[in-house]
1. Taking the condition of a type in the set (A, V, I, L, M, F, W, C), in contact with a Lys or Arg (Cβ under 8 Å, 6 or more places away or on another chain) and at pLDDT 95 or above, does V441 pass?
2. Does V10 fit the bill of being at pLDDT 95 or above and among the hydrophobic types (A, V, I, L, M, F, W, C)?
3. Look at G301 and say whether it is within 23 Å of G364 (Cα to Cα) and surrounded by 18 or more Cβ atoms within 10 Å (Cβ to Cβ).
4. Pairs, please: C-beta under 9 Å, at least 6 apart or cross-chain, first residue more than 27 Å from D285 (Cβ to Cβ) and in the range 303-332, second hydroxyl-bearing (S, T, Y) and surrounded by fewer than 23 Cβ atoms within 10 Å (Cβ to Cβ)?
5. Contact list please: Cβ distance under 8 Å, first residue in the range 118-144 and within 16 Å of K88 (Cβ to Cβ), second residue surrounded by fewer than 16 Cβ atoms within 10 Å (Cβ to Cβ) and basic (K, R), pairs at least six apart or on different chains.
6. What about E369, is it more than 19 Å from the chain's Cα centre (by Cα) and either farther than 20 Å from N307 by Cα or in contact (Cβ under 8 Å) with a residue 24 or more places away in the chain (or both)?
7. Could you go through the range 229-248 and let me know if any residue there is in contact (Cβ under 8 Å) with a residue 12 or more places away in the chain, assigned to a strand (DSSP E or B) and small (G, A, S).
Amino acid sequence: MSPRAVGLLVGLLAAGAPVMLAGQAGRISYESFAMPNGLRVVYSEDHSTPVVTVDLWYHAGARNERPGRSGFAHLFEHMMFQGSAHVKKSEHFQLVERAGGTLNGSTHDDYTNYYETIPSNRLNLALWLEADRMRSLAVTQENLENQRATVKEEKRLRVDNQPYAPTFRNAIILPFDSATCFAYAHSTIGSMEDLDDAKLENVQAFFRTYYAPNNATLVVVGDFRPVELRRLVNQYFADIPSQPAPPLVSCDYKLAPGTMRRDVQDEHANLAAAFRVYRLPPHTDPDLPAVELLNVILGQGESSRLNVGVVRREKAALQAGMFALTERHGPGVLVAYGIANQGVRVQALDSLIGAQLDSVRAAGVTADELTRARNTFRADFIHERETSFGRAEALQHYGLFHGSIAEINADLDRYLAVSAADIRRVATKYLDPANAVIVSVRPKVAPTDSGATK
C-alpha cells in the first residue's frame with residue numbers, strides 16, 4: 001500500500017463521530033476528522049447553492065510574537081500571496097477570480113485566516129492552492145523586501161495618517177503591561193523598527209513554526225460530497241510534515257489596577273475625541289454573554305444609551321458608541337468612545353460618556369433595553385450564519401475559542417438567558433473607574449477649547 005493510501009486510510013479511521021443537528025435557524029450541522037500530520041478538518045455539507053467556502057485558520061496572530069519581532073503575523077498575511085512551488089506571485093488571486101470565486105485573508109490577535117468562496121465544481125482548486133503554500137511558500141529575500149515595504153505603506157496609509165487611528169490602536173493595548181503580557185500589549189500591524197530589523201531567517205523560522213498543519217484548522221462549508229472532500233484533503237495535505245508545537249503564550253494582567261489617563265494630540269483630527277478602555281476577562285469567562293449584551297445596550301445602534309444620551313439629547317458628540325474585543329484566549333477590552341461636536345470640551349464629552357456608563361452600574365437596565373439587546377444579538381447571530389463563509393468562520397471560532405465546537409449550537413441560549421441583574425453585575429465589575437484607561441484626544445492644529453460652549 002502506498003504512503004498516500006495509508007494516509008487516506010488513517011484519515012478515514014481518525015474521523016470523529018458526526019454531529020448532525022436539526023436545520024433550525026442559526027444552527028449548523030458539521031462533521032470533523034483529523035489528519036495524521038495534525039491538520040484538523042471540519043466540514044458542513046449544504047447543497048442549497050452551488051458554492052463552497054474553504055476557510056483555513058492558522059493559530060498564529062499578534063499574541064504569538066515576541067519583543068523585537070512584532071508584525072510578523074500581519075507580514076505573513078501578505079507573504080502568503082507571493083507564490084509557492086507551483087503558483088506564481090499573485091497568481092493565487094488570478095486563479096480564484098478566473099474561476100468565479102472571491103478570496104481574502106486577515107490578521108487577528110490570536111489567529112490569521114485565509115479563505116476562498118468558489119463555485120463548488122472548483123473545490124479542488126481552492127484546496128490545492130492552500131496546500132501548496134502551506135507546503136512551499138516562497139519565503140525569499142525578494143518577497144520579504146517587497147512585502148515589508150507594502151506593510152509599511154499600509155501602516156502609513158491606514159493608521160499613521162488617519163484621524164484617531166493611532167490613538168485607538170494605542171488605547172486598546174495600554175491596559176496591558178508589555179513586560180507581563182506582550183501578547184496584547186502591542187499592535188497587530190507591528191512597529192516600523194521591528195519590520196526594518198526583520199531578517200530572512202527570522203521570517204522563515206516564523207513560517208516553519210506557525211504555518212504547519214498541526215497548528216491549523218481547515219473548515220469547508222457548502223456544496224460538496226464528503227467522500228470527495230476527504231479524498232482531496234488527503235491528496236493535497238497528507239504529505240505536509242507537522243512541526244514541533246509552538247511555544248506557549250502567557251499573559252498576566254489585573255482587573256482594576258487604578259485609573260490610567262492619557263492626553264494626546266492628533267495632527268489629522270479636526271475634532272476632539274474621548275476613549276474609555278476597560279479590561280475584560282478571556283473569551284471563555286462566564287461573564288462574557290452579559291458583557292456582550294451590555295455592549296449592545298450602551299453602544300450599539302440608534303437606541304443605545306451613548307447615542308441617545310450623548311449624541312441626541314446632549315448634542316455633545318458627532319458619534320458615540322461602544323464595542324468589545326473579546327475573540328481572544330487572553331484578556332479582552334471594552335471600548336466606549338465619542339467624537340466631539342464643534343465647541344465641546346473633551347473633558348465634558350468624557351464626563352458625559354462616563355455618566356452613561358455609571359447609570360448602568362447605579363440603576364441597571366430596563367426590561368425593554370434587555371429585550372432589544374437580546375433581539376439584536378439573536379438577529380446578528382443568525383445573520384452571520386446565512387452565508388457559507390459566515391458558517392465557516394463560526395465553526396472556526398468555536399473550534400479555537402470554546403471548550404468544544406459543539407457549543408456552536410448551544411451558545412445562543414447562554415446569551416438569551418442573561419438577566420438584567422447579570423448586566424448590572426458585570427457593569428459594576430468591569431466599568432469600575434479603577435479598571436479604566438481614559439484617553440483624551442485633541443486636534444494638534446486647532447484653536448484651544450478655552451472658548452468651548454459645553
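The values are calculated or read from the model by the stated rules, or taken from the named source; none is laboratory data. Since the model is a prediction, treat every value here as computed from it, not as a measurement. In this analysis, Cβ positions are derived from the backbone assuming ideal geometry, glycine residues included, and neighbour counts consider all displayed protein chains.
1. no
2. no
3. no
4. Taking only residues 6 or more apart or on different chains, the pairs are G309/S359.
5. Cβ pairs passing all conditions: A138/K89; N143/K89.
6. Yes.
7. Within the range 229-248, not a single residue is in contact (Cβ under 8 Å) with a residue 12 or more places away in the chain, assigned to a strand (DSSP E or B) and small (G, A, S).
To keep it simple, each residue is scored yes or no on (1) more than 27 Å from F72 (Cα to Cα); (2) among the aromatic types (F, W, Y).
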position: P166; (1), (2): no, no
position: R169; (1), (2): no, no
position: L218; (1), (2): no, no
position: V227; (1), (2): yes, no
position: Y236; (1), (2): no, yes
position: P244; (1), (2): no, no
position: D252; (1), (2): no, no
position: R262; (1), (2): yes, no
